[in-house]
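Heads up: the structure comes next, in structure tokens.
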Amino acid sequence: MDASEHPGVNELAPTARRSVGAGVSVNAAQLRRNLQGWPARRWLTAAAVAVATFLVVGIPTDLIDTPLFSRAVPLTPWSVPVLVLTAALTGTLTATYVGRPSGARRSTGRLGAVGSLASFFAVGCPVCNKLVLIALGASGAIRYFAPMEPYLAAASILLLVVALVRRLIFEDSCPVRPGRG
């Protein structure tokens, strides 16, 4: 698949193009136009999923202080911004699946799900994470996993951005059908 197969992509100014893989380039203006055309139902879905993601990730990781969970390691300065960004990106990405134009390409990508899950591990307390404790023990969680959390957070945000951009680019495109003959 290349850019010539996707409506509107070829008209983009060459200086504003950014590659998103599979030989497709797009610019911010194209993405903005796609978002501006969304019906209210999509924006409501994006907001609801963003709030749900914020709560589902924020409460068990104790970024949102509740009596239900506690945190053995203090919050890092980047945890809350990563949580907010993850919630916003997850909400917007989920909304791309609502009210899809007829004939639009159906994505089976899992980048968004992996990105959201990775951010859960990135903002969580390293010694409160049972999987990390089993694998590394408490001292290993602090010594090895905690320093990796910012990189895991960056990777999770990158995966969510790539998934969202790809969904927005291909939203108005039709699936490629095999040639006859």
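For L111, the shell of other residues with beta-carbons less than 11 Å away shows a net charge of +3, using +1 for Lys and Arg and -1 for Asp and Glu.
Among Y151, Y97, the order by Cβ neighbours within 10 angstrom, fewest to most, reads Y151, Y97. Protection proxy ranking of 120-128, 155-163, 64-72, 137-145, by the mean of other Cβ atoms within 10 Å over each peptide's residues and highest first, is 120-128, 155-163, 137-145, 64-72. Maximal additional length on extending the R33-A72 stretch stands at 9.6 nm, based on 0.36 nm per residue less the C-alpha distance.
Here, each number is a calculation from the coordinates, and none is a lab measurement. Keep in mind that this is a model prediction, so the values were computed, not measured. Heads up, the Cβs are rebuilt from the backbone with ideal geometry, glycines too, and the neighbour counts pull from every protein chain shown.
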